[in-house]
1. Could you please let me know if A:Phe118 is touching a Gly at 6+ places or on another chain (Cβ under 7 Å), open to solvent by less than 20 Å² (accessible area, probe 1.4 Å) and among the aromatic types (Phe, Trp, Tyr)?
2. Could you count how many residues in the range B:10-29 are within 23 Å of the chain's Cα centre (by Cα) and either of a type in the set (Gly, Ala, Ser) or open to solvent by 50 Å² or more (accessible area, probe 1.4 Å) (or both)?
3. Identify all residues within the range A:77-87 that are among the aliphatic types (A, V, I, L, M), within 11 Å of another protein chain (Cβ to nearest Cβ) and open to solvent by less than 50 Å² (accessible area, probe 1.4 Å); write none if there are none.
4. All but one of (1) more than 10 Å from every other protein chain (Cβ to nearest Cβ); (2) crowded, with 19+ Cβ neighbours inside 10 Å; (3) under 20 Å from the mean Cα position of the chain (by Cα) hold for A:Thr127; which doesn't?
5. Any residue at all in the range B:72-86 that's in contact (Cβ under 8 Å) with a residue 60 or more places away in the chain, closer than 27 Å to B:Thr259 by Cβ and outside any helix (DSSP H, G or I)?
6. Keeping to the range B:287-320, report how many residues are among the charged types (D, E, K, R) and either on the phi > 0 side of the Ramachandran plot or not in a helix (DSSP H, G or I) (or both).
7. Go through the range B:55-71 residue by residue and tally those that are of a type in the set (Val, Ile, Thr) and either under 22 Å from the mean Cα position of the chain (by Cα) or within 15 Å of B:Phe133 (Cβ to Cβ) (or both).
Amino acid sequence: MKSVILRTASNYLLPLLLLFSVFILLRGHYSPGGGFVGGLMASIAFVLHAFANKLENTRKLLRFPPGSFIPVGLAIGFLSGLAPVFVGKPFLTALWFDTPVLIVGLVGTPLFFDIGVFFVVIGITLTILFNISENIL
Amino acid sequence: MLPALLSGFIFAILILLFGKQVRGKSAMAVTLLPLGLFTYFLFLLPEIANGNALLFSYPWIPSMGINLDFKVDGLSLLFSLLITGIGALVFFYASYYLKGHRYLDRFYCYLCIFMAAMLGVVLSDNVILLFVFWELTSISSFFLIGFNNDDPASRKSSIMALAITGGGGFLLMAGFILLGSISHTYSIREMLTSSAVLKENAAYGWILVLLFAGAFTKSAQFPFHFWLPGAMKAPTPVSAYLHSATMVKAGIYLLARFTPVLGSHPAWNNTLLITGGITMLYSAFHAIFRTDLKGILAYSTISALGMLVFLLGAGSEQAMLAVAVFIIVHALYKAALFLTAGILDHETGTRDVTQLSGLRKVMMPVAIAGLLAALSSAGLPGTFGFIGKDLIYETTLHAGTLNIWLTAAAVLTNILLLYAGFLAGIKPFSGDLPEAFKAVHLPDMRLWAPPLLLAVLGLAYGIIPALTDTSLVQPVVQALSPGAAVTPLKIWHGFNTILLLSGITLAGGIGLYYYRQPSARRQQALQRYDFISPETLLLKSAGKFDVFSHWYTNKLHNGYLRSYVNVIVIFMSGLLGYKLITGVNIYLDLSNLSRITMYDVTIFCIIIAAIWKTISTSSRITAVASMSIVGYCICLLFVIYSAPDLAMTQFTIDTLTVVLFVLVLFRLPRFLRINDTRVVVRDSIVSIIFGSLIAIIALEVMNEPTNKETSRYYAENAYLLAKGKNVVNVMLVDFRGFDTLIEITVLVIAALGVYSLLKLRVSSTEKE
């Protein structure tokens, strides 16, 4: 799409949207949000960028192929579930640190689980959308 | 214990990461894993003497009674030692056998997974855990059997093996759940106490049917035996491992494990006696008609498995002793014979018994291994096989009223098995060396040392039975029938009926060996009856299934998305309509509806306008955009009725869907014209009916008294238990974390599907 306005806007919107998606991800445990929505928002940010600046540029910006987010996310999710096993608790039991962190609040394995979901969602949506648009555009 | 079990899986991953090294010189290093595990289990031996058992427990899903419980008793330790011990030899052997193979790393990866899964099967004390490992062995053996995946026959037999063992596995799962629900525990150890209750329960018959289905398919009992000869398409080390020592014995293990729980009941004993008896005779008979070395060995394995089932069916303490000894005997000689067969194949390029002869002149150590293994399988005095055979005859002779028949069956089977063993272990090495094999030379030590070691062990145990007696065999008997009187193994029982039977077996088998030459002609003669074999019958019915699915696919899946949607919607309408007619009283209670506000009215109007635009426009893009307006309006409704989480998700999903639609529609013609009024009328009728049904149901739902218990529980405990204030998110990541984990896995699979569909470029030659 050859629109100067869109391209300029997307350059500024991408970091903002990403920041927002991370914010949504982190606040999920206390207020509306979470890994799934956050991941979708981050993918929207990239899709918007791809529309304005051509797909190759977005791919370059991502550095890694979007598919590589999937195993990373799955691994984070799985390991966060596995972590309690090492202290003798059943799989997927929540473990929490005692002191709250600024903005995020308490940090525990559910947060990491959510981060895993976040990455999987980004990976999946971008893999599908990028491949379809590559085939078509 | 858990680290020992997991090590196989961890190793498998490591092998994939260091594939290059494994393919190269350090292939042998992989042997360290089974060797280490073997040593570990060896050190557990003294602990389980006198029927003691070691227990290891790790919580997994305690709320459902599913835990990582492991129990080491005589039975499981014997199997663990076989799995890791023969595993070590097979790993070692394969490092030369498949030297330089381009997928050697994958091979070891599958083999490690298989070994770990097998260990899991025999060590699990929880039936659900056992089932998980059980299916893992089926899956990893599927990969191993189909290892040469360029070969269509190989692919076919791996699918067959998976279909049969996997299908049996599902039934086994049902059996386990039934067992668990009756005895109120999933722990095998605790089921022992409710043994009497189980046997009196009305569902006892069903439990047996389901359990037997699992065990018989896995252990290749008649009529499910035919996948095993097909599985010989696997590389020989795999055949040796899967089909002599381990996987096929999983079924035997299962039956043995449940003998104390479900055994000593006529239904149990008779079924096992009959199935085992038929299997051992049928396949021993088949074995002597084969000319392919691996074919002979495969059928004689099935026969030996039948023998084990038969003995378990006999059920006496004597029989349990025979089972324990015969498992060791068979594993030792059969693995040795398989490995020598592999050497012959590797060096001469043929496995045809009618062509192989005189090879002792060029590969003496292999010949010795073959000879010793064949002698042990024949049960010559001085070998471990002799002791095993003695015990079998002793069992059948004391089996009550049917003893003559059972003994006759056992003797006949043993004669045929002896012949098969000689064919595989002696025939290729005796006689004159043909011209064609003059250039054959002794292979690397890595190939002949493992079978030689196994064969020598078979001899050593036979001469000094005390080596295995108290340490290995007796604990197994204690595990199979607790409190059994201990009778030490003896080499010599004096002159009695049993010795006479052994003599008949030997004379018969050796006579047969000298009198009868194997030939391809005989095999063909037998093949005339193939049309009534279980394999053909099953494949035929599978073919019918194929025909049906073709017909079904052509009828319903014609490639038009609109007709799919139509079928689904019409079917749903039919179902809902039927339900509404039969038993739902439709009444509209307006007082139950919340007050309609200005917002609602506005959104409603927008939705109506958007829908009208969607169906009236002639541009695809406009239609999609209007549809998305409907979606956004629903988001607004969510916001108004305070479900921000839902609204956010719906909003982002809607956006992405529109993007996706636009991408897909980009290439399609810009305008669509629907001229056909008939189609328009049909579609509108279908959608109006479906829409009104959904609306009626939505109203009905509001009339139903809602069950608030679950939501109240979550609302109350979200902060207390999970330290989160956002109930939706807490549910997703904490209370229902398992669901989410599996959901994202499903999403990944879906993405892989989409990816491979998009990237699939079938070349014109592959398109048939």
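1. Values: touching a Gly at 6+ places or on another chain (Cβ under 7 Å): yes; open to solvent by less than 20 Å² (accessible area, probe 1.4 Å): yes; among the aromatic types (Phe, Trp, Tyr): yes.
Yes.
2. The qualifying residues number 5.
3. Answer for the range A:77-87, where residues must be among the aliphatic types (A, V, I, L, M), within 11 Å of another protein chain (Cβ to nearest Cβ) and open to solvent by less than 50 Å² (accessible area, probe 1.4 Å): just A:Leu82.
4. A:Thr127 satisfies every listed condition except (1).
5. Yes, because at least one residue in the range B:72-86 is in contact (Cβ under 8 Å) with a residue 60 or more places away in the chain, closer than 27 Å to B:Thr259 by Cβ and outside any helix (DSSP H, G or I).
6. 2
7. Filtering the range B:55-71 down to residues of a type in the set (Val, Ile, Thr) leaves B:61, B:66.
Restricting the remaining residues to those that are either under 22 Å from the mean Cα position of the chain (by Cα) or within 15 Å of B:Phe133 (Cβ to Cβ) (or both) gives B:66.
Adding up the residues that qualify gives 1.
Residue-wise test of (1) surrounded by fewer than 19 Cβ atoms within 10 Å (Cβ to Cβ); (2) hydrophobic (A, V, I, L, M, F, W, C).
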site: B:Leu129; (1), (2): no, yes
site: B:Asn149; (1), (2): yes, no
site: B:Phe176; (1), (2): no, yes
site: B:Ala196; (1), (2): yes, yes
site: B:Glu200; (1), (2): yes, no
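The values are calculated or read from the model by the stated rules, or taken from the named source; none is laboratory data. Keep in mind that what you see is a predicted model, and the values were worked out from it rather than measured. Here Cβ is always computed from backbone atoms with ideal geometry, including for glycine, and neighbour counts include all displayed protein chains. The area values use the complete protein model at the heavy-atom level, side chains included, leaving out ligands, DNA and RNA. Shrake-Rupley method; radii C 1.70, N 1.55, O 1.52, S 1.80 Å.
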